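A short write-up of the structure that comes next.
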Amino acid sequence: MDPFTLTLLVIIALALLGLPIGLSMMSGSIVYLFMNGMDMGLVAERLLNSMFTSYVILAVPLFILAAELMNIGTMTNRLLHFCNALVGRFRGGLAYVNIVQSIIFSGMSGSAFADAAGSGRIIANMMIQDGRYTRSFAAALTASAAVIGPIIPPSIPMVLYALVSNASIGYLFLGGIIPGLLMGVMLMIVVMVTARRRRFPVEKPTPVRELPGITVRAFPALMLPVVLLGGIYSGAMTPTEAAAVAAAYAFLISVLLYRNINARQVYGSLVNSARSSVAIGMLIAGALVFNYVVTSENIPQALRIFLADYDLSVLQFLLLVNLVLLLLGCLLEGTAIILIIVPVFIPTANALGVDLVHFGVIAVVNIMIGLVTPPYGLLIFIMQSITRAPLRSLFLDLIPFIAALFLSLAIITLFPDLVLWLPRQFGYQG
């Protein structure tokens, strides 16, 4: 049997047996090296050269820690109160609050799962309290809104994309802002139509005289994205250093200003962050080793030649990538797609003159949509476990939100300037 085919079979078999996908990829890659008579030390060398010399990977555990520290204090509640004061007065107010809080929290955690399990859990429970919204609608909306998290900076998936593409993290972060806001607007349109049709409740308006106090109490938390992005784009900090500052800022605000966390909670946050970081780290390690196998087989070059034979235009290529990533997103974990599948398309994107910042944002949006598409959609099952919504009803309520996200993806793909306009204002030459 061909060594590469056997490698794929080993990876799939081990993953189906329950071995973490990172370890499965390492095991399959070792089989490939053994069958080709290659030095087994290449695995260790690949990890040392790729992981331990890649400064950018440090941003991942630091963003995870920042999200954990935010969720253990009252920072989340203060921000939710602020969002409710802004948009809670409209029909279906809490549904709008759900979307706005995802947009705000996206500038802090960089993770869809952190948004869904943290602030998303709180707002979903508020929605279903006293039967004001159905459990399935609350779960569907919260899962869909959490998708925005890794699009608006900071973004852990964009950090990983930068790792495999050598694209600028700073410009990738800027490129995600307008697409993320567009996705939020599309979800709000769905809420507006649904709220009128289902006669959703109107929340009690927040008195105008209380708005300054609510804003002041939420202001330190609202400043986190400003500190984070301001440090990056002023040149004062690298993205990795900014991730460390974000974690430190969340800690100091909670301990010194809000004074609502204790040593036990901080320890729990560190442990949870370490567990999540190790899981992602193992996946990155396995993907890096497997990418060596893919490169050895000349698969990226073969794909580029194959696609060149069809003389695809840039738009046709991007539509093909969208289709492939959307299908894979229904079946695979997003981080694995970024680290294994996306690099295969990058040589072709370069050959066709596709801007790598635009391509990266498109790839991340595709992968995030995969989190709410059956059968794999992890966000669906996270919110289903939180709200205990019937899966059938949840899937039905998801349909209009997924359609809105697809439309956003189509607009982002067709109009690259929506992604590239903001980076160009900061000096990007793409």
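The values are calculated or read from the model by the stated rules, or taken from the named source; none is laboratory data. Values in this document were obtained by computation on a predicted structure and should not be read as measured data. Neighbour counts run over all protein chains shown; Cβ positions are idealised from the backbone, glycine included. Side chains included, ligands, DNA and RNA excluded: accessible areas come from the protein's heavy atoms. Shrake-Rupley method; radii C 1.70, N 1.55, O 1.52, S 1.80 Å.
LEU58 fulfils the conditions (1) open to solvent by less than 50 Å² (accessible area, probe 1.4 Å); (2) at pLDDT 70 or above; (3) under 17 Å from the mean Cα position of the chain (by Cα) except for a single criterion, (1). Can you name every residue in region 396-430 that is over 22 Å from the mean Cα position of the chain (by Cα) and not in a helix (DSSP H, G or I)? If the condition is that a residue be over 22 Å from the mean Cα position of the chain (by Cα) and not in a helix (DSSP H, G or I), then PHE426, GLY427, TYR428, GLN429, GLY430 are the ones that fit.
MET38 meets the stated requirement of being farther than 20 Å from THR335 by Cα, open to solvent by 30 Å² or more (accessible area, probe 1.4 Å) and either modelled with pLDDT of 80 or more or among the hydrophobic types (A, V, I, L, M, F, W, C) (or both).
Yes/no per residue for (1) modelled with pLDDT under 75; (2) surrounded by 14 or more Cβ atoms within 10 Å (Cβ to Cβ); (3) among the aromatic types (Phe, Trp, Tyr); (4) touching a helix residue (DSSP H, G or I) at 6+ places or on another chain (Cβ under 6 Å):
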| position | (1), (2), (3), (4) |
| --- | --- |
| LEU8 | no, yes, no, no |
| ALA13 | no, no, no, no |
| LEU16 | no, no, no, no |
| SER24 | no, yes, no, yes |
| GLU45 | yes, no, no, no |
| LEU62 | no, yes, no, yes |
| GLY73 | yes, yes, no, yes |
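Exactly one residue out of VAL245, VAL216, VAL255, VAL226 is at pLDDT 80 or above, closer than 26 Å to LEU94 by Cα and not hydroxyl-bearing (Ser, Thr, Tyr), and it is VAL216. Scanning region 134-164 for residues that are in contact with a Lys or Arg (Cβ under 9 Å, 6 or more places away or on another chain) and surrounded by fewer than 24 Cβ atoms within 10 Å (Cβ to Cβ) yields THR134, ARG135, SER136. Where residues in region 259-270 are over 27 Å from GLY230 (Cα atoms) and in a helix (DSSP H, G or I), which of them is most open to solvent (accessible area, probe 1.4 Å)? Looking at the filtered set, the residue picked out is ARG264. Counting only helices (runs of 4 or more DSSP H) that fall entirely inside region 303-395 and contain at least 3 residues that are open to solvent by 10 Å² or more (accessible area, probe 1.4 Å) and modelled with pLDDT under 90, the qualifying elements are 314-329, 342-352, 378-387.
Filtering SER144, SER136, SER102 for residues that are at pLDDT 80 or above, assigned to a helix (DSSP H, G or I) and in contact with a Pro (Cβ under 7 Å, 6 or more places away or on another chain) leaves a single hit, SER136.
Scanning region 290-338 for residues that are free of Cβ contacts under 8 Å to residues at least 60 places away in the same chain and β-branched (Val, Ile, Thr) gives VAL294, THR295, ILE299, ILE305, VAL314, VAL321, VAL324, ILE337.
A single entry from GLU241, GLU210 fulfils the requirement of being acidic (Asp, Glu) and without any contact (Cβ under 8 Å) to a residue 12 or more places away in the chain: GLU241.
Is one or more of the residues making up region 173-181 among the hydrophobic types (A, V, I, L, M, F, W, C), under 28 Å from PHE90 (Cα atoms), touching a Ser or Thr at 6+ places or on another chain (Cβ under 9 Å) and modelled with pLDDT of 85 or more?
Residues of region 173-181 that are among the hydrophobic types (A, V, I, L, M, F, W, C), as a first pass: 173-174, 177-178, 181.
Cutting the leftovers down to under 28 Å from PHE90 (Cα atoms) gives us 177-178, 181.
Now drop any that are not touching a Ser or Thr at 6+ places or on another chain (Cβ under 9 Å), which leaves none.
Looking through region 173-181, none of the residues is among the hydrophobic types (A, V, I, L, M, F, W, C), under 28 Å from PHE90 (Cα atoms), touching a Ser or Thr at 6+ places or on another chain (Cβ under 9 Å) and modelled with pLDDT of 85 or more.
Take the conditions (1) in contact with a helix residue (DSSP H, G or I) (Cβ under 6 Å, 6 or more places away or on another chain); (2) free of Cβ contacts under 8 Å to residues at least 24 places away in the same chain; THR387 misses just one of them, which is (2). For region 254-289, what are the residues that are under 30 Å from LEU9 (Cα atoms) and without any contact (Cβ under 8 Å) to a residue 40 or more places away in the chain? Correct list: ARG275, VAL278.
Taken over region 281-302, the residue count meeting the criterion of being over 21 Å from ILE30 (Cβ atoms) and open to solvent by less than 40 Å² (accessible area, probe 1.4 Å) is 1.
Condition check ((1) closer than 23 Å to GLY149 by Cβ; (2) out of contact with any helix residue (DSSP H, G or I) (no Cβ under 6 Å at 6 or more places or on another chain); (3) among the basic types (Lys, Arg)) across all residues:
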position: MET186; (1), (2), (3): yes, no, no
position: THR206; (1), (2), (3): no, no, no
position: PRO220; (1), (2), (3): yes, no, no
position: GLY230; (1), (2), (3): yes, yes, no
position: ALA236; (1), (2), (3): no, yes, no
position: TYR267; (1), (2), (3): no, yes, no
